[in-house]
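Below is one structure, written out as structure tokens, with a few remarks after it.
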Amino acid sequence: MQPVLEIFAADDFALWPVGEHESYGYLVLNGELTPAQVGTAVMRIADCNDYEPEEEHGPCPTDPLGAFLHGLLTMPDLIAAGGFRVTDIATGTVFVEPGCCNGLETWREWREVLDGTGCSYFGHDPSSAAERVGDTVRLTLDAHAKDGSPVIELPVDHVRALVTGAQADLRDFLSLAGTWAEQHLPTYAAAVTAALARALDLELTE
């Protein structure tokens, strides 16, 4: 289980260094990313929230950097397209692929599967789902597939450990991004780090 961020190509982006990525791919978030990969992730999360905030959040800055970060820094509800992807590393079979309209900001829905409602969907195309059935969790790549879909059942405790590990990866990424922001966005570093924490539904630690 890995936290992944949906990535678009950014050939014309010049506000800070970013890596080269094809559109509609995924970037795995963890504490081992290169500075360029962190830059890509921050760019993408900011871009996910790059729309005009409500009037009460203040006028948009006129400089390119301030304007690009304005939505990220002022919107109360942030999004980060992606989610937790689940793959069988032995076979390469994907059992959960974050779909459209799913985001890392809702990763705690996995806890609902384990200890709450017992079921959650993770976007569409594909419509990946996780459902608790007794002491197991059934993962389905596409619950709406007409010709069947990859399915796996795992013990609840196993899934709980996977979720804990993916959350740790997110925290490691946030720590790395905070250091990156101090180097590349010194004027906005604290605000950007706090915004990333909100976008990933994490608490900032000292």
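The values are calculated or read from the model by the stated rules, or taken from the named source; none is laboratory data. Since the model is a prediction, treat every value here as computed from it, not as a measurement. All Cβ positions, glycine included, derive from the backbone under ideal geometry; neighbour counts span all protein chains shown. Protein only, heavy atoms only, side chains kept; ligands, DNA and RNA dropped before computing areas. Shrake-Rupley method; radii C 1.70, N 1.55, O 1.52, S 1.80 Å.
Figures for the structure shown
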| item | result |
| --- | --- |
| Mean residue ellipticity (222 nm) of the chain, computed from DSSP H runs ≥ 4 via -39,500 (n - 2.57), nearest 500 | -11500 deg cm²/dmol |
| Proximal charge balance of Val28 [Cβ under 10 Å; K/R count +1, D/E count -1] | -1 |
| Between segment 96-147 and segment 25-77, the alpha-carbon center distance in angstrom | 27 |
| log10 of Debye I(q)/I(0), alpha-carbon scatterers only, for segment 66-151 at 0.16, 0.19, 0.22 Å⁻¹ | -0.67, -0.85, -1.04 |
| Structure-derived log10 I(q)/I(0) by the Debye sum over Cα atoms at q = 0.09, 0.11 Å⁻¹: which label, when the choices are (1) -0.36, -0.53; (2) -0.31, -0.47; (3) -0.40, -0.60 | (1) |
| Packing-based order for 185-193, 141-149, 166-174, using average beta carbon neighbours within 10 Å, highest first | 166-174, 185-193, 141-149 |
| Accessible area per residue in Å² at 1.4 Å probe, computed on segment 1-131 | 49 |
| Protein accessible area in the chain, 1.4 Å probe - carbon and sulfur % | 50 |
